[in-house]
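Undergrad: There's a structure below that I have some questions on.
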2 protein chains.
Amino acid sequence: MARTASLSGFPEWLPEERLVEQHVLDTLRRVFELHGFGSIETRAVETVGQLLRKGEIDKEVYGLSRLQDDEGNAAAASQDPNALALHFDLTVPFARYVVENAGYLAFPFRRYQIQKVWRGERPQEGRAREFTQADIDVVGDGELPFRYDVEIALVIAEALSALPIPEFKLRINNRKLAEGFYRGIGLVDTAGVLRSIDKLEKIGAARVSELLQSELGATPEQAELALKLAGIRTEDTAFVEQVRALGVTDPLLEEGLSELEQVIHAVVQRAPGKVVADLSIARGLDYYTGTVVETVLVGHEQLGSICSGGRYDALASKGSRKFPGVGLSIGVTRLVSRILSQDFAKASRSVPTAVLVALSNDDSWSAAQDVAAQLRGRGISTEVAAKAEKFGKQIKFADRRGIPFVWFTDDDGKHQVKDIRSGEQTDAEPATWMPPSEDLAVQVVTG
Amino acid sequence: MARTASLSGFPEWLPEERLVEQHVLDTLRRVFELHGFGSIETRAVETVGQLLRKGEIDKEVYGLSRLQDDEGNAAAASQDPNALALHFDLTVPFARYVVENAGYLAFPFRRYQIQKVWRGERPQEGRAREFTQADIDVVGDGELPFRYDVEIALVIAEALSALPIPEFKLRINNRKLAEGFYRGIGLVDTAGVLRSIDKLEKIGAARVSELLQSELGATPEQAELALKLAGIRTEDTAFVEQVRALGVTDPLLEEGLSELEQVIHAVVQRAPGKVVADLSIARGLDYYTGTVVETVLVGHEQLGSICSGGRYDALASKGSRKFPGVGLSIGVTRLVSRILSQDFAKASRSVPTAVLVALSNDDSWSAAQDVAAQLRGRGISTEVAAKAEKFGKQIKFADRRGIPFVWFTDDDGKHQVKDIRSGEQTDAEPATWMPPSEDLAVQVVTG
């Protein structure tokens, strides 16, 4: 991270940084697959009509046009629903994929999807124009048992726990709880209340109270109750009693309380210290209908949420057929940027190579390739020197590339291998020698 | 492959197809890393100026514009070198990356890069608008020993041999050989001759001869000699004698003969049957300066080249500093499409999950999660049923998703596991039971 991106908002990693990102991606993939999530990828582009289908859009979308198209169709792209644009998340494309392929999928369908997405927003710390997301979702056909909400939270807690990052907290709420509560106190524009509550962290309680009264016609008492609800934050299921103590009753509120209680109970039990019931979480503009989740890195709250999502009763629909879903999305680039800038982890070396096979003379290249093939056959990443320079130069080359071992074969076919960090040189056989396990593959070690 | 892409030229895979693609990508990654190639990714976009830097461009490029930009800047994009566009290959971005990060890289720098690229061309079999390429390159600072040309060919032969594809042939030529030969027979516009020879497969020898005479001023004898050279095709180094027999002498020709001989000799030795010296290979429009490679799947020649590339003396430059490179690019999407459409390989199941833990009653979910956690802890992909339906229904669910084993725990805590393919049910312990190794992870098996 000595460098800045040459194009603002489009980060690129050096090889040793990319190794950290690969470690993060491999770890997520392993955890997701252990939980039965299979991979899919969707194309990078959607039609503008598809992207704007949900109506209100607060993302800056990149439209596409062929450079060799002389007719200036591009300018009209936003008017043409069939024009192409880059996806800005993985949820909209996944919904489209589910509808298109419903006949080929077994429901509840669970998938992970790790891809780049693009948003033409002003770049800032933790906010890039091109970034990688890692999503998991379970989607049902017609119905989806609530238990998947609990499961998704557990999978994500396990996945994040496996990453080289500091302590994190899943902040979980439930839309039914909030909406039922607002209804119970007589505020009927529940979406409007959610939008106001969503601004709590940004503008503070006093201004939100004003908003609720001026824009939504709330009484001071109603506004106070809504804010009291949003103030509840417990690391266990104590929130249930705290909500009940506010004296509001509503069937939807009860349903939400029960759902949130189940999620918090399970995560407290299985991933202690990783969760908080936070009744201020609104995720205002999105189309969630139950569980909602945001995630903070403790001590790095200003980075924003590193993992968000929730439940939607209709992720997608096809005629009268509805596909409810629950899912979470990890901001991989945001996490990796932070891991690198704060030295939370680094690669043990910058190349996969464990061994450089040196050349004693220019004719030994083919014999050196034989040695290399034997080592590779046993999983040892190996390069062969390209020129029979002085051994000192070949060792220096390995050192510059961060390769820990150099292999020598003398004219009698006797093999030796040198650990160039310690200088120790020992006899070795291509058919049997192994580096110490910590040197076999690149390790990503926490700082 | 029962389906067609909903957007022409933008293929998407079903989960079981994606497993085949993942197998291909994992295999390439493993071989590349065993040979000391590290991963990098570059951003998906470049400036138009960067993309058009090489002058003549025969690729259809997708330009980008923000949909919410009302000023119609998009239409002018192709005029503005700072406008953004999607990359159409991985070579141009890699060259830019090398120049920008030269101070942080150890040369010769070797990297692999597996990413999507975009071309706004008319889609057809084997030609998509969005597709994945897997590139390896070695790039030097100032100079790059010729031996890397040999090495790159060997690495690619090994990588392709590890894929579930039919027999392939690397068709290799050398620009120095061809250009030296043309010069030696008195044809000075060697680039022009190459462009004509490049059309040989498309238009035939007679028309190429006409072109050489009408457009390049060749005599019938010169045209005949150029075509004779292009007709040489040998599976070993016999081409050297066949070229010499044409009686042409030129120092560049000699250099090219020697280089091509070294490459063919090494590949014949280390990857027998995988290579042919094919003196018709021109790769006309590209900027190669030595070794040039195309690759065909035997019996699927109409698919086009599945792996192409070569040597360029100046992959990139920074002032007077030159970065020569040699590299090859595998058309992953083209290969995977063919693997799927011809059933060359398929996944042993469509989900990563090996075990579904059934619920005997609704309260057993937490105990079932304990069983699942133990299995996952030993690398067994496991799902837990979401509802305590009748066992028959839970087994049917596993069957529909292609999960081979269902786990039962009775009220006394006794465990059994059923292979739902054979119906065999046996006692098992969560701490020790393992599925047969072929069922542990999804296998991609050749058809």
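The numbers here are math on the coordinates, done by the rules we state, and not lab data. Here the structure is a predicted model, which means the values were calculated and not measured. Note that each Cβ is placed from the backbone with ideal geometry, even for glycine, and that neighbours are counted across all protein chains shown.
Undergrad: In straight Cα distance, which lysines are under 16 Å from B:LYS396, not counting same-chain residues fewer than 8 positions off?
TA: Here the lysines satisfying the reach criterion relative to B:LYS396 are B:LYS387, B:LYS418.
Undergrad: Quick check on chain A: of the DSSP beta bridges with both residues there, what percent are antiparallel, nearest 5%?
TA: If I count the DSSP bridges inside chain A, around 85 percent turn out antiparallel.
Undergrad: Label point 7 Å out from B:LYS318 along Cα-to-Cβ: which residues of region B:93-127 have amide N under 19 Å?
TA: Answer for region B:93-127: B:93-112.
Undergrad: Per residue of A:7-17, what is the mean number of Cβ atoms on other protein chains within 10 angstrom of that residue's Cβ?
TA: 5
Undergrad: I would also like to ask the following. Which ordering of B:ARG30, A:ARG43 is given by a fewest-first count of other beta-carbon atoms within 10 Å?
TA: The fewest-first ordering by Cβ neighbours comes to B:ARG30, A:ARG43.
Undergrad: By how many degrees, between 0 and 90 and to the nearest 10, does the Cα long axis of helix B:205-216 differ from the longest principal axis of chain B?
TA: 50 degrees
Undergrad: Determine the equivalent ellipsoid of the protein assembly as shown by diagonalising the alpha-carbon gyration tensor, then write out the semi-axes as square roots of 5 times the eigenvalues, largest first, rounded to whole Å.
TA: 53, 32, 26
Undergrad: Follow-up question, since we're still on this one. Stretched out fully, how many nm does the piece from A:ASN361 to A:ALA5 gain, at 0.36 nm a residue minus the Cα gap?
TA: Length gained, A:ASN361 through A:ALA5: 123.9 nm.
Undergrad: Sort largest first and round to whole Å: the equivalent ellipsoid semi-axes of region A:203-253, each the square root of five times a Cα gyration tensor eigenvalue.
TA: That gives 22, 14, 8 Å for the three semi-axes.
Undergrad: Which angle between 0 and 90 degrees, to the nearest 10, do you get for helix A:91-101 versus the longest principal axis of chain A when only C-alpha atoms count?
TA: 90 degrees
Undergrad: Quick one: which residues, 5 or more positions from B:PHE168 or on another chain, have an amide H under 5 Å from its amide H? H modelled 1.01 Å from N in the peptide plane, none for Pro or chain starts.
TA: Amide H to amide H, under 5 Å and 5 or more residues apart or across chains, B:PHE168 pairs with B:VAL298.
Undergrad: Just name one of A:LEU303, B:ALA428, A:PRO164: the one whose Cα is farthest towards the positive end of the charge dipole of the protein assembly as shown (beta-carbon charges, Lys/Arg +1, Asp/Glu -1).
TA: Of A:LEU303, B:ALA428, A:PRO164, it is A:LEU303.
Undergrad: So, R0 is 45 Å and r is the distance between the beta-carbons of A:ASP370 and B:LYS199; what FRET efficiency does that work out to, to 0.05? Each step should come with its number before you reach the end.
TA: On the way: r = 42 Å, r/R0 = 0.93.
Result of the calculation: an efficiency of 0.60.
Undergrad: How many partner chain Cβ atoms sit within 10 Å of a residue's Cβ in peptide B:92-99, on average, as a whole number?
TA: The per-residue average across the peptide is 1.
Undergrad: Arranged by the count of other C-beta atoms within 10 angstrom, fewest first, what order do A:ILE264, B:ILE165 take?
TA: Placing the least packed residue first, the sequence is B:ILE165, A:ILE264.
Undergrad: When you look at the Cβ of every residue in B:391-400, what mean number of other chain Cβ atoms sits within 10 Å?
TA: 1
Undergrad: Could you check which residue among B:ASP313, B:ASP189, B:ASP236 shows the biggest mean-square fluctuation in a GNM of chain B with a 10 Å Cα cutoff?
TA: The residue that fluctuates most here is B:ASP189.
Undergrad: Continuing with the same structure: Taking θ = phi - 60°, what integer Hz values does the Karplus form 6.51 cos²θ - 1.76 cosθ + 1.60 yield along region B:376-383, in sequence order, with x for Gly and Pro?
TA: Using θ = phi - 60°, the values come out as 4, x, 10, x, 9, 5, 9, 10 Hz.
Undergrad: Any chance you could give the angle, 0 to 90 degrees and rounded to 10, that helix B:147-161 forms with the longest Cα principal axis of chain B?
TA: Value to nearest ten degrees: 40.
Undergrad: Before rounding to the nearest 500, sum -39500 (n - 2.57) across all DSSP H runs of length at least 4 in chain A and divide by the residue total; then give [θ] at 222 nm in deg cm²/dmol.
TA: -11000 deg cm²/dmol
Undergrad: Rounded to whole Å, give me the distance from the Cα center of region B:273-349 to that of region A:106-124.
TA: 31 Å
Undergrad: Find the centroid of the Cα atoms in region B:155-228 and in region B:403-435, then give the distance between the two in whole Å.
TA: 63 Å
Undergrad: Using the Cα atoms of chain B, I'd like the radius of gyration and the largest Cα-Cα distance, Dmax, both in angstrom.
TA: Gyration radius and largest Cα-Cα distance of chain B: 27.3, 94 Å.
Undergrad: Run down the lysines and flag those whose C-alpha is under 17 Å from the C-alpha of B:LYS116, throwing out any fewer than 8 positions away in its chain.
TA: Within the straight-line limit of under 17 Å, B:LYS116 reaches these lysines: A:LYS116, B:LYS59.
Undergrad: Between A:ASP26 and A:GLU235, what is the label-point separation in nm under the 7 Å Cα-to-beta-carbon projection?
TA: Calculated label separation equals 3.4 nm.
Undergrad: Among the aspartates and glutamates, which have Cα under 16 Å from the Cα of A:LYS228 when same-chain residues fewer than 8 positions away are ignored?
TA: In chain and number order, the partners are A:GLU179, A:ASP198, A:GLU201, A:GLU210, A:GLU241, A:ASP278.
Undergrad: Oh, and also: Run through the other copies and list how far each one's label point is from that of B:LYS387, in nm with one decimal, shortest first; the point sits 7 Å from Cα along Cα-Cβ.
TA: 7.1
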